[in-house]
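One structure below.
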Amino acid sequence: MSNPIERFKDMGKIIKRAFFSSSPDLVGLVQTMVSFAEKARREGLLALEEDASQLEDDFLRKSIQLVVDGTDPELVKAILDTEIGLLEERHSQNKKMFDTMAELAPAFGMLGTLIGLVLMLKNLDDPNALGPGMAVALITTFYGSFIANVIALPMSKKLSVRTSQEVLSRELMVEGVLSIQAGENPRIVEEKLKVFLPPVMRLLLEESKKKDKNEAA
């Protein structure tokens, strides 16, 4: 009742994306952006149009296409930042649905307990019914706490993690695209994008570069 019915119907898809979607490949993304920077320096920005059409990521494809079309850098950044902001808002609304569930579930559990106690008090003249009646009354509190702390709150936090990962990858794309548009040296582009990587991923990037050099040799 607290959310639009369309969002409630999509709950299954939201849960599936939260648990079964893979984390963004930031190392691969940096390598892709650096390769685009190298190609743009050699052949010009228009040479990226064919590569952009083959990209699976809609956001990155749109970013490269804006640059290829000669869009002003400030406008490119404004468009992409707006899209990131709207993505965060959409994800926030999905997260709030589970936050609301976590907030209300314990209260409904207590409501069930109170109803159970009322029914139990109706049978005070039967001592044998008090124990089972109390057990039934208390189990609803357990259900409410279980739903809140085992399902709703973990889902909310999981969605926050997924949002942070996706926003980070898109911010990396924006920085890379703007650097390519500015005609910066690919090495500088790589150093700027490595800032987005945690130390472990930076090591993976360096190891991948060494492996590529050895294979080329």
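The values are calculated or read from the model by the stated rules, or taken from the named source; none is laboratory data. Every value quoted in this text rests on a predicted model; they were computed, and no experiment measured them. Here Cβ is always computed from backbone atoms with ideal geometry, including for glycine, and neighbour counts include all displayed protein chains. Surface accessibility is based on the protein's heavy atoms, side chains included, excluding ligands, DNA and RNA. Shrake-Rupley method; radii C 1.70, N 1.55, O 1.52, S 1.80 Å.
Name the residue that is least open to solvent (accessible area, probe 1.4 Å), counting only residues in the stretch 81-95 that are of a type outside the set (A, V, I, L, M) and over 18 Å from Ile15 (Cα atoms).
The qualifying residue least open to solvent (accessible area, probe 1.4 Å) is Gly85.
Out of Thr163, Thr141, I need the residue that is touching a His at 6+ places or on another chain (Cβ under 8 Å) and not small (Gly, Ala, Ser). Which one?
Of the residues listed, the single one that is touching a His at 6+ places or on another chain (Cβ under 8 Å) and not small (Gly, Ala, Ser) is Thr163.
Against the condition open to solvent by less than 20 Å² (accessible area, probe 1.4 Å), at pLDDT 90 or above, within 21 Å of Gln181 (Cβ to Cβ) and of a type in the set (A, V, I, L, M, F, W, C), how does Ala52 come out, does it pass?
When the stated conditions are applied, Ala52 does not pass them.
All but one of (1) open to solvent by 40 Å² or more (accessible area, probe 1.4 Å); (2) within 30 Å of Gly12 (Cβ to Cβ); (3) touching a residue at least 40 places away in the same chain (Cβ under 8 Å) hold for Phe98; which doesn't?
Condition (1) is where Phe98 drops out.
Between a first residue in the stretch 146-172 that is under 14 Å from Met101 (Cβ atoms) and a second residue that is open to solvent by 40 Å² or more (accessible area, probe 1.4 Å) and of a type in the set (Asp, Glu), which pairs have beta carbons less than 6 Å apart while being 6 or more apart in sequence or on different chains?
Ser156/Asp99
Name the single residue that is modelled with the lowest pLDDT among those in the stretch 1-44 being of a type outside the set (A, V, I, L, M, F, W, C), open to solvent by less than 60 Å² (accessible area, probe 1.4 Å) and in a helix (DSSP H, G or I).
Arg7
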